[in-house]
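This structure is in structure tokens; I'll ask about it shortly.
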């Protein structure tokens, strides 16, 4: 007698655009699964709880465990992987979240249906939460890959045609096949920002832009370049109007020069 744990949040993409697209879908999936389990009276809850209590139980526990999983995932993305989580990391987070998740379920059952605790113990709850974590996390990760791959492929394809393999080879392993969002000159180095994190590589800034190809993006400043994808979004959303910056992600705001604004205008006119 337990509750699923919403591992759907575990591997939401790291870029702002991808997160805006994926997070609502993740929340909707969690709500749908919680509601289904409540209506079906999963794990024997139909015996000890009426439907309103089951709905309250499943949704409240989903919210708490979802917050825990989200916090663990965000920490892993920021401090360990500097980008999107690999599949094995989703499974590790599923395992780490299972014991506290089982305790949360146990406390909820103690509050709403204490009689049910006569038939289920903490070890059993832990294994049930772990199994559901693994299942939902795996499905969510697979769906994210399916949604994210085409966009990455569209951005990466022209870059590879223009010989960017050498540039990508210099990036950290987790960024080599990611979508390149922006380049920024830092002394003799270039910071390459991708949708899976960033890396600092030793290369001439102009050479880095040329490696990606003329049609891959726009040089918005003497020290900054953004991909066509980022530039198009900025133009479409009107973020460049009246502003001197383009936001690449939650933590990165790049300045736009007068010449850069002209290039953005030209892009908008295409």
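Please treat every number below as a calculation from the coordinates, not as lab data. In this text, all values refer to a predicted model and were calculated from it rather than measured experimentally. Glycine gets a Cβ as well: all are built from the backbone with ideal geometry, and neighbour counts include every protein chain shown.
Note the full-extension length gain between residue 88 and residue 206 as 0.36 nm times their separation in residues minus their Cα-Cα distance, in nm to one decimal.
On the way: separation 118, 0.36 × 118 = 42.48 nm, distance 3.72 nm.
Gain on extension, residue 88 to residue 206, equals 38.8 nm.
Roughly speaking, what is the stretch gain from residue 251 to residue 214, that is 0.36 nm per residue apart minus the C-alpha to C-alpha distance, in nm to one decimal? Spell out each step's value before the answer.
Working: separation 37, 0.36 × 37 = 13.32 nm, distance 2.64 nm.
Computed gain between residue 251 and residue 214 is 10.7 nm.
Calculate the spin-label point distance for residue 28 paired with residue 107, positioning each point 7 Å from the Cα along the beta-carbon direction, and give it in nanometres.
Distance between the two pseudo-spin positions: 3.2 nm.
Now for a separate question. Using 0.36 nm per residue of separation minus the Cα-Cα distance, give me the extension gain between residue 115 and residue 47 in nm, one decimal. Don't skip to the end; give the middle numbers.
Numbers: separation 68, 0.36 × 68 = 24.48 nm, distance 1.02 nm.
Full extension of this stretch gives 23.5 nm more.
Assign one of three labels to segment 179-252, namely rounded, prolate or oblate, based on the Cα gyration tensor with a ≥ b ≥ c the square roots of its eigenvalues; rounded applies when a/c is under 1.5, prolate when it is not and a/b is larger than b/c, and oblate otherwise.
Working: a/c = 1.72, a/b = 1.58, b/c = 1.09.
It is prolate, given that a/c is not under 1.5 and a/b is the larger ratio.
Given a Förster distance of 45 Å, report the FRET efficiency between residue 259 and residue 173 from their Cβ-Cβ distance, rounded to the nearest 0.05. Intermediate values should be presented prior to the final figure.
On the way: r = 35 Å, r/R0 = 0.78.
Between residue 259 and residue 173 the formula returns 0.80.
Ranked highest first by average number of other Cβ atoms within 10 Å, how do 222-230, 247-255 line up?
222-230, 247-255
Using Cα centres only, tell me the gap between segment 96-133 and segment 24-63 in whole Å.
After rounding, the separation between the Cα centres reads 14 Å.
Then there is this: For 179, 138, which order do you get if you count the other beta carbons within 10 Å of each Cβ and list the fewest first?
Numbers: 179 23, 138 17.
Going from sparsest to densest Cβ surroundings: 138, 179.
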